[in-house]
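Here it is: the structure, laid out below.
What follows is calculated from the coordinates using simple rules that are stated; it is not laboratory data. A quick note: this is a predicted structure, and the numbers were derived from the prediction, not measured. As a convention, Cβ positions derive from the backbone with ideal geometry for all residues, glycine included, and neighbour counts pool all protein chains shown.
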Amino acid sequence: MARRSSRSAAQPKSTTVETQVDVTVSKTKKQVNGTETTAVTKSTTTEVKTGISKRKSAHAEPTTKREPEEPAEAAASDDEDQDDSQRSAKKRKITKTTKNRPAEDDAAMTLAPRTAISSLKHAMYIGAHVSAAGGVHNAVTNALKIGGNAFALFLKSQRKWASPPLADDARTQFHALSKQHNYDAGRHVLPHGSYLVNLAQADREKADQAYNSFLDDLQRCAALGIKLYNFHPGSTGAGGDMAGACSRIAANLNRAHRATAGSNVVTLLENMCGSGNVVGGRFEDLRDIIAQVEDKSRVGVCLDTCHAFAAGYDLRSPEAWAATMKEFDSVIGLGYLRALHINDSKAPFASHRDLHANIGTGFLGLRAFHNLVNDPRLAGLPMVLETPIEEKGPDGKTVNNPQIWADEIKLLESLIEMDPESDEFREKEKELQARGAAERKRVQEQVDRKAAKDAKKAAKGKTKRRKKGDEDSCDSCNESE
Ligand SMILES: [Zn+2]
């Protein structure tokens, strides 16, 4: 498999990527903050009738240059609520109750009914990373609306260090709604960790801050009856010492596991796209962390399909899928695979770019997901979409359209036992590839330009070094992707 030969050369890239993520999300946040609840309510009401046709037109002509790298939930964050005191949160809740529809109207808001798992040939629990704006309990109803049999959420603001404690009322409602709607919080709810937390942080003070936020999330899981918790392993920082970073992550996990000894929450390392100093691009990184975790029952992996593909693990053909799963098994062990993030990729194979695409529209394509939902080894695991759902509303403003997730869940479920050579499959495959063609072309050109630039730089560097008499260490000269 063509993968990058080393990490060091890619180091400057990491800064670029991280900055990109921040800019992207804060931009979206601005668009959504304050009006989030209303926006979702409005769009869901109208989308029941018009969602699908509207969606098609939006995808046929991608007008925006935005590249969502993180779950769309980032946009629908509950930042606002997290900032306020509990008193004002309560006040807002009262306002909401009077303003919003009565509970029985919820059924009318449903964008797709949930599929009975027993009706599927393989027990695939597919859902999405939904909004928890207004409180964690709202994630349950948001998952229900899109017909999700699993869901992810943020337990607190994912971009702020300070958050108010989990409100008793939100906790009670989370338990009640999960029970009422038959979501097994212990198995099919997969909270996503904060983007700020870097458990590989070497600076003592910053490391403490990261650890405390991480521990707080695990305690929230325990209070909510959640047993799986997914997070990005971290970043090595300057110098790119991967071994040291893996050890620091494992040490923090050990400490957090001890501090939450009674809860048995399993901490899931997410594989990453392998850019710059990010830990987790290679299965070996995850293996090295797990090896140093004392309580192996408290650690596992969440496999993100987009990240894996961008990192150089192919999933497209049945043979490629089997080979990647085999590699996962031999390097990490399939027993550690506890959850999946199901995303297509706007960026080509082994490009080390983290750009989530809608299912079937990216470089992975529908066949990769056919491989996934038909792999019986994955039955029972939570599978979470982190695909983009932003659309331009009639007023030109960006709104989230959860109908897209509702449709993607049904699409993925329909692939179970479908013949990939059937007309039905081929037509769907063709339609979705056409929908993503412009976006794939755009990103491919970016990647090509970057590769050309890097090659030029590398050539220049070589000449310079030769002139200088080859004094550089090979660490800084041998890597290109
Ligand atoms: Zn992910």
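At 0.36 nm per residue, and after removing the present C-alpha to C-alpha distance, how many nm does the segment from residue 448 to residue 264 gain when stretched out fully?
Stretched fully, the residue 448-residue 264 segment lengthens by 61.7 nm.
For the ranges 163-171, 413-421, what's the packing order if you count other beta-carbon atoms within 10 Å of each residue, average per peptide, and put the highest first?
Highest-to-lowest ranking by the protection proxy: 163-171, 413-421.
Continuing with the same structure: One-quarter of the Cα convex hull surface for region 322-465, in nm²?
12.5 nm²
Which residue, chosen from 235, 202, 118, occupies the Cα position most advanced towards the positive end of the dipole of region 96-250, where the dipole is computed from +1 (Lys, Arg) and -1 (Asp, Glu) charges on Cβ about the Cα centre?
Farthest along the dipole direction, towards plus: 118.
To continue, here is another question. How much length is gained on full extension from residue 175 to residue 294, taking 0.36 nm per residue of separation minus their Cα-Cα distance?
39.8 nm
Ranked from highest to lowest mean number of other Cβ atoms within 10 Å per residue, what is the order of the peptides 346-355, 173-182, 196-205?
346-355, 196-205, 173-182
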